[in-house]
Structures are given as C-alpha cells and as structure tokens.
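Comments concern the structure below.
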Amino acid sequence: VQLQASGGGLVEAGGSLRLSCAATGRIANYHMGWFRQAPGREREFVAAIHRSNGTPKYADSVKGRFTVSKSNVKNTVYLQMSSLKPEDTAVYYCATSSSVQWYSGSDSLYNNWGPGTLVTVSS
C-alpha cells in the first residue's frame, strides 16, 4: 500500500487544520498512525487508530486537541488538529502497522511511510 499525506499549511496559533492520508490499498487491513518530525528533532508519535474497531490512541502532547478518524470506504485516514501551538510545527507523516502493539507509539512497528505534509504554526 502507498500513502500520501496532504492538508498541511501555515496557520496561526489557536487555529485548526485537517490532514488527510490517502491509501492505494485497503486501510481496513492495517492500524494507521500519524507521526511528526520537527526540524532537528526525532520523529515522534502523534496518533493512531485501530484497523477494526477504530479505537484511537494519542500522544499526551496532542490529547484533547487532535482527533484521528478514518473512512474505510475512501481508504483515507484523517487527523483533525485544533488549538494548534507553535510547537506543533513539523512534517506530519502517516504509516501502517500490522503489529498488535500498534498503540505503543513506536515508529519501528510502522511501515509504508508516505511523503509527509508540512504544518507550520505561527505565534
């Protein structure tokens, strides 16, 4: 499966953006994750969603502000981001996982990384 993230852009602090991750294959076969990488920093987990029951998992830093969802019909995963902060500035990536520990946030359990989309939050 190939993934393509989109929807990034420049937004003021406190604003919102919705990212999309379109897949060429059936996302229902995979747990789906969102990660981000800020300049000079390691890639970090943002959110993930279970392939069957849609259970979400969030990093503490985004809990209550971001919402992950998906459409199995459209084979697309979404990341609704609200109350954005300058520290949310990063390239955001989506990826797939077949691991039973999909919720752990470890990027080593994810693959099929697509090109990222840049989110810039101005203060």
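Compute the Cα gyration tensor for the chain, then decide on rounded, prolate or oblate, letting a ≥ b ≥ c be the square roots of its eigenvalues: rounded whenever a/c is under 1.5, prolate when a/b is larger than b/c in the other cases, and oblate in all that remain.
prolate
Using alpha-carbon positions, what is the distance between the centroids of the range 77-123 and the range 22-61, in Å?
The distance from the Cα centre of the range 77-123 to that of the range 22-61 comes to 6 Å.
If R₀ is 22 angstrom, what is the calculated FRET efficiency for the pair residue 99 and residue 61, using the beta carbon separation as r and rounding to 0.05?
0.50
All other residues with a Cβ under 12 Å from the Cβ of residue 95 taken together, and with Lys, Arg as +1 and Asp, Glu as -1, what is their net charge?
Taking every other residue near residue 95 into account, the sum is +1.
Give, as a single signed number, the net charge of other residues whose beta carbon lies under 13 Å from the beta carbon of residue 49, with Lys and Arg counted +1 and Asp and Glu -1.
It works out to a net charge of +3.
Looking only at 54, 25, 40, which one moves most when the chain is put into a Gaussian network model with springs between Cα atoms under 10 Å?
Result: 40 has the largest fluctuation of those listed.
If I model a spin label as a point 7 Å beyond the Cα along the Cα-Cβ vector, how far apart are those points for residue 42 and residue 69 in nm?
Placing both labels 7 Å beyond Cα along the Cβ direction yields 3.3 nm.
Each residue of the range 108-123 in turn: what ³J(HN,Hα) in whole Hz from Karplus with 6.51, -1.76, 1.60 and θ = phi - 60°, glycine and Pro shown as x?
Result, ordered by residue: 5, 8, 10, 8, 6, 5, x, x, x, 10, 7, 10, 10, 10, 8, 8 Hz.
The numbers here are math on the coordinates, done by the rules we state, and not lab data. Just so it is clear, the model here is predicted, and its values are computed rather than measured. Positions of Cβ are backbone-derived with ideal geometry, glycine not excepted, and every protein chain shown enters the neighbour counts.
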